[in-house]
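Novice: Let me give you the structure first, and then I'll get to my questions.
The values are calculated or read from the model by the stated rules, or taken from the named source; none is laboratory data. Quantities reported herein were computed from a predicted structural model and do not represent experimental measurements. Note: ideal-geometry Cβ built from the backbone for every residue, glycine included; neighbour counts use all protein chains shown.
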Amino acid sequence: MTDRPSPDLKYDADAEAYVLVPSPEADVSVELVLAIAEITDRDPLEMRPIYECCDPETIDALCAARRNDAVEIDGDVSVTIADHRVTIEADGTFRVEPPA
């Protein structure tokens, strides 16, 4: 595993999903990969690269713009990373749903 700190990740039993609260100073795409690695107990370097699933720079830019109140998310944005459905919630948190 890496020496990076674990992301702020909690399991929501009611939603049957993990909730990630991104750190304001971190790259969200990196935190997503680390969160999924933690959920699956895998080394993030051995996972399929995130850029094969989605554009990590777009995720980072969208989250940065939301944090700076430059954009308002009205609804959800979802992508699939390592077979996990990742939804960017309107409040800026991420819901990570394991494969069914």
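Novice: Pick from Asp74, Asp12: which is among the acidic types (Asp, Glu), surrounded by fewer than 14 Cβ atoms within 10 Å (Cβ to Cβ), touching a strand residue (DSSP E or B) at 6+ places or on another chain (Cβ under 9 Å) and on the phi < 0 side of the Ramachandran plot? Break it down into steps so the answer makes sense when it comes.
Specialist: Working: Asp74 fails: touching a strand residue (DSSP E or B) at 6+ places or on another chain (Cβ under 9 Å).
Unique residue meeting the criteria: Asp12.
Novice: Please name all residue pairs, on different chains or six or more residues apart, with Cβ atoms under 8 Å, provided the first residue is in the range 35-64 and is more than 20 Å from Val77 (Cβ to Cβ) and the second residue is acidic (Asp, Glu) and not in a helix (DSSP H, G or I).
Specialist: Correct list of pairs: Ala37/Asp43.
Novice: Also, I was wondering about something else. Return the total of residues in the range 38-65 being at pLDDT 90 or above and either charged (D, E, K, R) or under 11 Å from the mean Cα position of the chain (by Cα) (or both).
Specialist: Residues that pass the stated criteria total 11.
Novice: Could you tell me whether Ile81 is touching a Cys at 6+ places or on another chain (Cβ under 6 Å), at negative phi, surrounded by 11 or more Cβ atoms within 10 Å (Cβ to Cβ) and at pLDDT below 95?
Specialist: Working: touching a Cys at 6+ places or on another chain (Cβ under 6 Å): yes; at negative phi: yes; surrounded by 11 or more Cβ atoms within 10 Å (Cβ to Cβ): yes; at pLDDT below 95: yes.
Yes.
Novice: Name the single residue, out of those in the range 15-25 being at pLDDT below 90 and in contact with a Pro (Cβ under 8 Å, 6 or more places away or on another chain), that is surrounded by the most Cβ atoms within 10 Å (Cβ to Cβ).
Specialist: Looking only at the range 15-25, we keep the residues that are at pLDDT below 90, and these are 22-25.
Right, trim to in contact with a Pro (Cβ under 8 Å, 6 or more places away or on another chain) and you get 22-23.
Values: Pro22: 24, Ser23: 13.
Filtering the range 15-25 for residues that are at pLDDT below 90 and in contact with a Pro (Cβ under 8 Å, 6 or more places away or on another chain), the one surrounded by the most Cβ atoms within 10 Å (Cβ to Cβ) comes out as Pro22.
Novice: If only one of Val19, Val71, Val77 is in contact with a Leu (Cβ under 8 Å, 6 or more places away or on another chain) and free of Cβ contacts under 8 Å to residues at least 12 places away in the same chain, which one is it?
Specialist: Selected residue: Val71, the only one of Val19, Val71, Val77 that is in contact with a Leu (Cβ under 8 Å, 6 or more places away or on another chain) and free of Cβ contacts under 8 Å to residues at least 12 places away in the same chain.
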